[in-house]
Amino acid sequence: MDHSQARRQMQELNTIYKETDAIYSEFAKRSGMSDCAFWLMYALCEADGKCTQKELCSQWVMSKQTVNSALNGLKKSGYISLILSETDKRSKLIMLTDKGLQFKEKNIDIVFHLEERVLQRLSNTEITAMLESNRKYQELLRAEAKQFLNK
């Protein structure tokens, strides 16, 4: 593959990622939340309405400060509450409040439903190939970036 072909393919891949991200941003905007707050609500809903900040940071590859700031906003807005974890007193369990559950029903459940409908329109082979190729790309990019960033 020559340089210009690689650049065109990379441009197309980046465009696909950005267009997909823009769709989710529209859902966040529709719901009145920032992208970060929306993704945290999405993640909480995936976790059946409770998880720790550490789990959110790890799963969504966000900094602790970014997550903490968005969680403070969600708490002030009444979507979540924080309670001390029974298993680890150093961490707090993030839980959806009644208002958070209402938000889930009006916003996140719609996204979950649309995502399921999309996946149902793909074959298992297509889904597996998509997951494997994206994972491989991410791992190769991380390896290449690590060589550059550690210089």
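The values are calculated or read from the model by the stated rules, or taken from the named source; none is laboratory data. Just so you know, these numbers come straight off a predicted model, no measurement behind them. Cβ sites come from the backbone with ideal geometry, for glycine too, and all protein chains shown count toward neighbours. Surface areas here come from the heavy atoms of the whole protein model, side chains and all, with no ligands, DNA or RNA. Shrake-Rupley method; radii C 1.70, N 1.55, O 1.52, S 1.80 Å.
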Check: Yes or no: Ala37 surrounded by 11 or more Cβ atoms within 10 Å (Cβ to Cβ), among the hydrophobic types (A, V, I, L, M, F, W, C) and without any contact (Cβ under 8 Å) to a residue 24 or more places away in the chain?
Finding: no
Item checked: Residue among Lys29, Lys18 that alone is basic (Lys, Arg), open to solvent by 70 Å² or more (accessible area, probe 1.4 Å), assigned to a helix (DSSP H, G or I) and farther than 24 Å from Ser133 by Cα -> Lys29
Notebook entry, point to check: Looking at this structure, is Tyr24 open to solvent by less than 70 Å² (accessible area, probe 1.4 Å), in contact with a Phe, Trp or Tyr (Cβ under 8 Å, 6 or more places away or on another chain) and under 25 Å from Gln138 (Cα atoms)?
Noted result: yes
Notebook entry, point to check: Among Leu122, Leu56, which is the only one that is touching a helix residue (DSSP H, G or I) at 6+ places or on another chain (Cβ under 9 Å) and more than 23 Å from Asp35 (Cβ to Cβ)?
Noted result: Leu122
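Let's see how each residue does on (1) under 30 Å from Leu140 (Cβ atoms); (2) at pLDDT 95 or above; (3) of a type in the set (Ser, Thr, Tyr):
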| residue | (1), (2), (3) |
| --- | --- |
| Asn14 | yes, no, no |
| Lys29 | no, yes, no |
| Trp39 | yes, no, no |
| Leu44 | no, no, no |
| Gly49 | no, no, no |
| Trp60 | yes, no, no |
| Ser91 | no, no, yes |
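For (1) under 21 Å from the mean Cα position of the chain (by Cα); (2) at pLDDT 95 or above, each residue gets a yes or a no:
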residue	(1), (2)
Gly73	yes, no
Tyr79	yes, yes
Leu84	no, no
Asp88	no, no
Ile94	yes, no
Lys106	yes, yes
Arg117	yes, yes
